[in-house]
1. In this structure, is ASP185 open to solvent by less than 70 Å² (accessible area, probe 1.4 Å), closer than 30 Å to ASN103 by Cα, in contact with a strand residue (DSSP E or B) (Cβ under 9 Å, 6 or more places away or on another chain) and of a type in the set (Asp, Glu)?
2. Name the one entry in ASP118, ASP93 that is within 30 Å of ARG46 (Cβ to Cβ), surrounded by 15 or more Cβ atoms within 10 Å (Cβ to Cβ), in contact (Cβ under 8 Å) with a residue 40 or more places away in the chain and of a type in the set (D, E, K, R).
3. Only one residue in GLY149, GLY190 is open to solvent by less than 70 Å² (accessible area, probe 1.4 Å) and in contact (Cβ under 8 Å) with a residue 40 or more places away in the chain, so which one is that?
4. Scan region 181-224 residue by residue and report those that are modelled with pLDDT of 95 or more, touching a Phe, Trp or Tyr at 6+ places or on another chain (Cβ under 9 Å), closer than 18 Å to MET122 by Cα and part of a loop (DSSP other than H, G, I, E, B).
5. Regarding region 53-65, can at least one residue be identified that is surrounded by fewer than 13 Cβ atoms within 10 Å (Cβ to Cβ), under 20 Å from TYR144 (Cβ atoms) and small (Gly, Ala, Ser)?
6. Just the residues that are more than 23 Å from TYR100 (Cα to Cα), without any contact (Cβ under 8 Å) to a residue 12 or more places away in the chain and part of a loop (DSSP other than H, G, I, E, B), please, taken from region 40-74.
Amino acid sequence: MEDRFKKEIKFLKIYSGLLTVALLGTILYVAIQSKEKSFKEITAERINIVESNGDLKLVISNSERQHQGIVNGKPLPKRERQAGLIFFNSVGDECGGLVYDGNDQEAGLVLSVDKYRDDQVMQLQYLENTGTNTRKYGMQFWDYPKEDGYEERNKAVEDLQKLTDKEEKAAAYLKMKQDGLLPEDRMFVGKQMNEDVGVFINDNQGNPRIRIYIDRDNNPKIELLNEEGNIVKKD
């Protein structure tokens, strides 16, 4: 009886040991497999790409779950954004992205590059009014005259939205421009809505100064303009 009891104890020890080894092997296998997996197809509403420390670097999302953006370390208010990709730099700020959409009224796709701690300065864009079959596509460039003016610009925009008098609004907008808070359109290379195709260059105040293009009737044109927008020389 005693020998039988000892044999049963020995069997249970061996069984317990084998079970433990099998369990550890299973856990190790699952851990290894979870580090790297290959999928033929993934369906998701949003995917966040992060660094090993958890810092957000890229969001791939549909429109409903799209990231609202972060500038100067502060999340922007929740807003509607198209589906696409949003990029984030090493300080956690949004630094560009690619968004797109299209319907019976309008269509578009833009790839934007943001200035550090500010808004976009360069954009590869396609914009179309699908109802009238008019479209613009090419490369757009902007300048922000005032460095590190993002916070001040946002405060000025908030104050502007509170004004109801048209003259006061116009004066506040003009002051924003004079203070260098507004982005200035500097150059566009591509096709305009009116079907002009060429290079369109503005000065640092956003005034058109040089136009080199071919119009819709295939007429090549070179135009130099003064600050008031008048053509002073053309070929």
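1. Working: open to solvent by less than 70 Å² (accessible area, probe 1.4 Å): yes; closer than 30 Å to ASN103 by Cα: yes; in contact with a strand residue (DSSP E or B) (Cβ under 9 Å, 6 or more places away or on another chain): yes; of a type in the set (Asp, Glu): yes.
So ASP185 fits the description; yes.
2. Values: ASP93 fails: in contact (Cβ under 8 Å) with a residue 40 or more places away in the chain.
Exactly one residue qualifies, and that residue is ASP118.
3. On the way: GLY149 fails: in contact (Cβ under 8 Å) with a residue 40 or more places away in the chain.
The match here is GLY190.
4. The answer is GLN192, and nothing else.
5. No, the conditions are met nowhere in region 53-65.
6. The answer is LYS40, GLU51, SER52, ASN53, GLY54.
The values are calculated or read from the model by the stated rules, or taken from the named source; none is laboratory data. Values in this document were obtained by computation on a predicted structure and should not be read as measured data. Quick reminder, even Gly has a Cβ in these numbers, built from the backbone with ideal geometry, and neighbours come from all protein chains shown. The accessibility values were calculated without ligands, DNA or RNA, using every heavy atom of the protein model including side chains. Shrake-Rupley method; radii C 1.70, N 1.55, O 1.52, S 1.80 Å.
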